[in-house]
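**Student:** The structure that follows is given in the form of structure tokens.
Only the coordinates and a few stated rules stand behind these numbers; no lab work does. Please read these numbers as outputs of a predicted model, since none were measured by experiment. For neighbour counting, all protein chains shown are included, and Cβ atoms are generated from backbone atoms with ideal geometry for every residue, glycine included.
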Amino acid sequence: MERAIMSLRNQFITVILSILALVFIGTFFISVDSFKAYLNNHLHQQMTSVANTLGSAVAQADKPPEKARLSRAMDKMFEQGIYQEISVEFNNNILYEREKSSSTVSVPRWFQYFFPIEILPVTEDITSPNNITGSVTVIADLADAYEKLWGESVATLWWFMACAVIMVFISMLLLNLLLKPLALVKHQADAICDRKFSVQQHIPHTPELRSVVTAMNRMSTKVRSMFDEQNDLTDRLREQVYKNELTGLGNRRFFYMQLDHLIYSEDEFFQGALFIIEFRGISSYKKKHGFEATVKHIKDIAKVLNEISHTNDKFMAGHFSDQSFALLTPDISLDEIKSLADTLSKRMDAINTSIADTEITTNIGIATYRKGGTSTDLLSEADMALRAAQANDKENWHIYTTELDKDDIMSATQWKKTLTKAIETKDIILHYQPVLNNKTKARKPLHYEVLMRLPAKEGELYNASVFVPMAETFNMMVDFDKIVIEKLIDAIKKDKKHKHKYAFNLSAHTLDDHGFADWLKELFNKNKTIAKRLILEIPEAAVLNAMTNFNHLVAELGPLGCEFSLDHFGRGFSSFQYLSTLNVNYIKIDGCFIRNIDKDIDNQFFLHVLTEIAHTVDIKVIAENIEKETELKALRETVIDGLQGYIIGKPTAEPSSA
């Protein structure tokens, strides 16, 4: 159990109170002892005065004094209440003796024990010219003295307590004022951990605190500068290796990386199309109109492709050469492919015809893809479709379609019925894939990713890549995500032994749903410990397109312990600068950078630099879609935090260590 550590402010207050307590104890004892000495002296003087007075009165008498007169004088003295006993002895006879019973002392016994009042009896001789004829003895009553000493002590105590309260209050005000810069330094350090590189504007006058604040400001500025430099380096590297310098679209290498990754990724790409767009006459146009005019024409083409690719987070555009472009469109139907081809054709023709005296023409070859094909086959089919389009006088685009087993294809109406039933019955199955911790020798799971499955015919299961595109088309993804989260929370409640964490992919549709954050927050409030075991994964492109919604989600669920991850990180060309302001705990490097990473030096260097940037702002990095032993071996030698892929562990119905 961790021992509680007292704060600096409380330590100062404790020291102040300790000093005040020591001062009080010393002052108290000195004050009480001084007052006790005063009482002793005062009582002794009174007793001596009484004894002298009585002795003189008896000695000056011509004959022995009358007892009656002496008794009246003695009674007056006893009425003062400060004497315990007075006796007069004359000529060996007790002339008068008066003693009162011991008074009850209301002072606590411990006080009498620690502060005893000891006053000796006072005896004065009665003398005549020739000899001593008698004596007067006076003994004090200590009850009154103790009462006065106790009262003075209590008054001293209250006076000290009042002073202590005032001094503590003043000390707290001064400490708050003096330690305020330290509190600001703490907030500044926390902000740096949260990727907010703030600088304190108020510099304290105290030299020691001033140096601390100044040093923190320098550190914050330096860390920010280092982060920016790393970002700039990574952005430049990515642009040089993966980006076409002229148009800003992905180059041939990057496009093929994405294509290979999607084709071979079972959980991401089920069907779609590849568009190859070629422009005839670019070379002759360049000779006739010059380099600048050609560059403008190419940029206009790229602008159209870039706009189309931004209509869907999954679309990707590429620029291969001056006359050759490509567009990859996952998860769209044949009718949508034809509509997109018609749109592309018209917009490209509009660009060509906007130029006077040009012979540039556009041809588009399209190859459709369904699960089971290869990237080589898809490229070959797209190329054949392109040649067919070039030979066609009526249409400038052509689709190469393969014969499909119609028993495996459902119509949109059938899909809607199937998905609606799944939502109503909540018949969604969860599978779990481990993400290994690469920082430990044991390679224990860092967490598990939760994948959706839908029951199909004959006991088969549909992967998410099969039915999610249709669910998105019918705006059903919010319902699907909510059902999965409810089922996942039930599974987490049952997992009392391992206490695993679970990551789940939220769709872009769910991120755009304004009521989702409140719904999930209410669910977490009913299950207090669940949020700390849940990681919400959201595609990077979806977050960048809906940053306000994402920040709202983090603001609502982050304080409850829920963590966040960016999925398919690096697929686009956005600057990594935004990582410093985004509250995420993990990033998942897109699988296109992981495929064949053991052979690709550029991807290895890119991954290394990207991981360093993420670690600078306390973000863990996970490599996904690891399919080969050689890839796994190469990644295990890096500082990456997590590893995920079929070579590590396939999705199963129950979480199991890889």
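**Student:** Less than 16 Å apart at the alpha-carbon level, and either on another chain or at least 8 residues along: which lysines does that give for K296?
**Tutor:** Within the straight-line limit of under 16 Å, K296 reaches these lysines: K286, K287, K288.
**Student:** Fully extended, how many nm does the chain gain between L173 and T343 (0.36 nm per residue separation, minus their Cα-Cα distance)? Before the final figure, lay out the partial values.
**Tutor:** On the way: separation 170, 0.36 × 170 = 61.20 nm, distance 7.13 nm.
Here the answer is 54.1 nm.
**Student:** Once the range 260-330 is represented by equal point scatterers at the alpha-carbon sites, with solvent omitted, what log10 I(q)/I(0) does the Debye formula produce at q = 0.19 Å⁻¹?
**Tutor:** -0.78
**Student:** Would you list H202, H447, H310, H509 from fewest to most Cβ contacts within 10 Å?
**Tutor:** With the sparsest Cβ surroundings first, the list reads H202, H310, H509, H447.
**Student:** Looking at the range 438-536, which GluC sites (Glu not before Pro) are in a loop (DSSP not H, G, I, E or B) and have at most 12 other Cβ atoms within 10 Å?
**Tutor:** E460
**Student:** Can you tell me which lysines have their Cα less than 18 Å from the Cα of K496? Leave out same-chain residues fewer than eight positions away.
**Tutor:** Qualifying lysines at Cα under 18 Å: K444, K487, K526, K528, K532.
**Student:** Round to the nearest 0.05 the FRET efficiency obtained for D232 and S321 when R0 = 30 Å and r is the Cβ-Cβ distance.
**Tutor:** Numbers: r = 28 Å, r/R0 = 0.94.
E between D232 and S321, to the nearest 0.05, is 0.60.
**Student:** Something else now. As a test of the formula, what do you get for the chain when each DSSP H run with n ≥ 4 contributes -39,500 (n - 2.57) and the sum is divided by the residue count, at 222 nm and rounded to the nearest 500 deg cm²/dmol?
**Tutor:** My calculation for the chain gives -17000 deg cm²/dmol from helical runs alone.
**Student:** If you stretched the chain out fully between T361 and L461, how much longer would it get, using 0.36 nm times the residue separation minus the C-alpha to C-alpha distance?
**Tutor:** Length difference between fully extended and current span is 31.4 nm.
**Student:** Separate question: Under 18 Å Cα to Cα from K36, which lysines show up? Leave out anything in the same chain fewer than 8 places away.
**Tutor:** Correct list for K36: K148.
**Student:** Can you sort K314, K496 by how many other beta carbons sit within 10 Å, fewest first?
**Tutor:** Listed from fewest to most nearby Cβ atoms, that is K496, K314.
**Student:** Taking the Cβ-Cβ separation of F573 and S284 as r and a Förster radius of 51 Å, what is the calculated FRET efficiency to the nearest 0.05?
**Tutor:** Efficiency at R0 = 51 Å is approximately 0.95.
**Student:** While we're looking at this one, here's another question. Fewest to most neighbouring Cβ within 10 Å: what's the order for M476, M257, M219?
**Tutor:** Ranked by crowding around the Cβ, least crowded first: M219, M476, M257.
**Student:** Can you pick out the pairs among K417/K501; K416/K650; K457/K482; K439/K588; K501/K599 whose Cα atoms lie more than 23 Å from each other?
**Tutor:** Details: K417/K501 34 Å; K416/K650 29 Å; K457/K482 25 Å; K439/K588 16 Å; K501/K599 33 Å.
The pairs that break the limit, which is 23 Å between Cα atoms, are K417/K501; K416/K650; K457/K482; K501/K599.
**Student:** Please report, in whole Å, how far the alpha carbons of the chain spread along each principal axis, starting with the longest.
**Tutor:** 165, 62, 43
**Student:** Which percent of the Cα-Cα distances in the range 421-643 go past 28 Å?
**Tutor:** Beyond 28 Å sits 31 percent of the P(r) for the range 421-643.
**Student:** So, one more: Å³ per residue of the Cα convex hull, for the range 249-407? Intermediate results must be reported in sequence, preceding the final value.
**Tutor:** Numbers: hull volume 17.8 nm³, N = 159.
So the per-residue hull volume is 112 Å³.
**Student:** While we're here: Once amide H atoms are built 1.01 Å from N in the peptide plane, which residues 5 or more positions from L446, or in another chain, come under 5 Å H to H?
**Tutor:** V435, L436, N437
**Student:** Compute the length gained on full extension between N545 and R387: take 0.36 nm times their separation in residues and subtract their Cα-Cα distance, giving the result in nm to one decimal.
**Tutor:** 53.2 nm
**Student:** I'd like the Karplus ³J(HN,Hα) series for the range 144-159: coefficients 6.51, -1.76, 1.60, θ = phi - 60°, whole numbers in Hz, and an x wherever there's a Gly or Pro.
**Tutor:** Residue by residue, the range 144-159 yields 5, 5, 4, 4, 5, 5, 5, x, 5, 5, 5, 4, 4, 4, 5, 4 Hz.
**Student:** Still on this model: For the chain, what proportion of DSSP beta bridges, expressed in % and rounded to the nearest 5, is antiparallel?
**Tutor:** 70 percent
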